[in-house]
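These notes concern the structure reproduced below.
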Amino acid sequence: MERNLKNVLVISFGFLLLFTAYGGLQNLQSSLHLQEGLGVASLSVLYAAFILSSMFLPPILIKKLGCKWTMAGSMCCYIVFSIGNFYANWYTLIPTPVILGLGGAPLWSAKCTYLTIAGNSYAEKAGKKGKDIINQYFGVFFLIFQSSGIWGNLISSLIFSQASNKVETSEENLACCGAYDCMSDTTNATGSAEPSHSLIYTLLGIYTASGVLAVLLIGVFLDQIKSDQAETEKEILETLSFWSTFLATFQHLKDKRQCLLIPLTMYSGFEQGFLSGDYTKMYVTCALGIHYIGYVMICFSAVNSLCSLLFGKISQFTGRKLLFALATVTNTACIIALLLWKPHPKQLAVFFVFPALWGLSDAIWQTQTNGLYGILFEKNKEAAFASYRLWESFGFVSAFGYSTKLQVYIKLYILLSVLVLSMVTYGAVEYLEAKNSPGIPTATKKENIGTFTQETHM
């Protein structure tokens, strides 16, 4: 096997193992750790730490340790978070998410740097365009990586389904589920009793082992970047340097179009935060039980992956405006329906319809917003995508930050308001683009965004 492709597969399966654990654990936080909103508070702290990390840690660690050992070390930060869940309290589930958040940005930056260098190296030997090989490598990576959402959630549901203490949900308890919840930490017990410690420890043990395997896979089988590629690494690190990234990110705000895209970018964090933090807790766990979270989120992950591939292909024919309109209508319909719907175990199929539709919308938000950034800011991609990570992370922090303070219906109104504002400001961006570049066919504005989709996956 060609050595560079072997390294791409090693990285891909390493991330698959790591995010099988992290993705499943993230979706369970709001339901597993209800006391005083500990679960969602940990996620809010995590994304806040990720914002700080993305500003200064990646270039320092990559320069000191190299891409391989930066990835291995950052993966250890994810394992620390899994271990912190074994004894969940404020002294474990606040510091460990900080450690994970600090490791998140270096992990993704090192991965991108490594795949970029590997792609350029092979392209030079094969006499091909570096951009084409890099995009192929990223395509292989995301094809494998995206399935982590399925495996992580499947593991959690299969394990929690073994619980012998499931109880029948009373109509009185069901009244506390949904948009007009009772703001009670006890809603976890409506669908089923809290999973036994043995089942929780079994799940956490599997997740921790999966993370350890990821570190071993990277540490043992991933090749170091060769000395003749050091110059390329230096060039990439220069674009990642703290002050250049920090200053460029905020100087980028001078661009009116970037300011107008802030609501749309933050909405991506809001909507993902609502699904993993509030829908899983106040609809799924409340009415069905915690063992259903994994199955429901598998539905979201599967639809999201398939639609990401589909919309990435058809956007060149439909244009991004039509796809954004589809996502807006779909998300709006879901929000209104969630405001009106009273979840009940007899309506089992409905619990899967919402994440499926949410996955369709999220696929559009991710592919088209990334593509929009790539098209609008083609000459300033580094600052543009640093801004993307920044504002999306602020959306996550906000969504998880107020999660325990507000009733679900208020959060849904906030989500709807941000969505409406996003579409108004996005419309203004399209108007400015049409005004500044009249007569340019849409087909000439295609953008391959394979190397810039990493910022949506913590």
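Return the only residue of 400, 354 being among the hydrophobic types (A, V, I, L, M, F, W, C) and at pLDDT 90 or above. Checking each option against the conditions leaves just 354. Residue 71 meets all of the listed conditions (1) open to solvent by 30 Å² or more (accessible area, probe 1.4 Å); (2) over 30 Å from residue 295 (Cβ atoms); (3) at pLDDT 90 or above; (4) not basic (Lys, Arg) but one, namely (1).
Reported count of residues in region 264-279, each being of a type outside the set (A, V, I, L, M) and either farther than 14 Å from residue 28 by Cβ or in the same structural domain as residue 37 (by the TED database) (or both), is 9. Could you count how many residues in region 78-107 are assigned to a helix (DSSP H, G or I) and open to solvent by 30 Å² or more (accessible area, probe 1.4 Å)? Matching residues across region 78-107 total 8.
When you go through 18, 65 one by one, which is the residue that is farther than 15 Å from residue 211 by Cβ and in a helix (DSSP H, G or I)? Spell out the reasoning first.
Working: 18 fails: farther than 15 Å from residue 211 by Cβ.
Going through 18, 65 in turn, the sole match is 65.
The residue that is surrounded by the fewest Cβ atoms within 10 Å (Cβ to Cβ), counting only those in region 356-390 that are out of contact with any Leu (no Cβ under 9 Å at 6 or more places or on another chain) and within 15 Å of residue 279 (Cβ to Cβ), is 356. Kindly indicate whether residue 353 is buried (at least 21 other Cβ atoms within 10 Å of the Cβ) and closer than 26 Å to residue 414 by Cβ. So residue 353 fails the test. Taking the criterion of being among the aliphatic types (A, V, I, L, M) and open to solvent by less than 10 Å² (accessible area, probe 1.4 Å), the residues of region 298-335 that qualify are 323, 327, 335.
The values are calculated or read from the model by the stated rules, or taken from the named source; none is laboratory data. This structure is a prediction, so every number in the text was calculated from the model and none was measured. Heads up, the Cβs are rebuilt from the backbone with ideal geometry, glycines too, and the neighbour counts pull from every protein chain shown. Side chains are part of the model used for accessible areas, which takes the heavy atoms of the whole protein and leaves out ligands, DNA and RNA. Shrake-Rupley method; radii C 1.70, N 1.55, O 1.52, S 1.80 Å.
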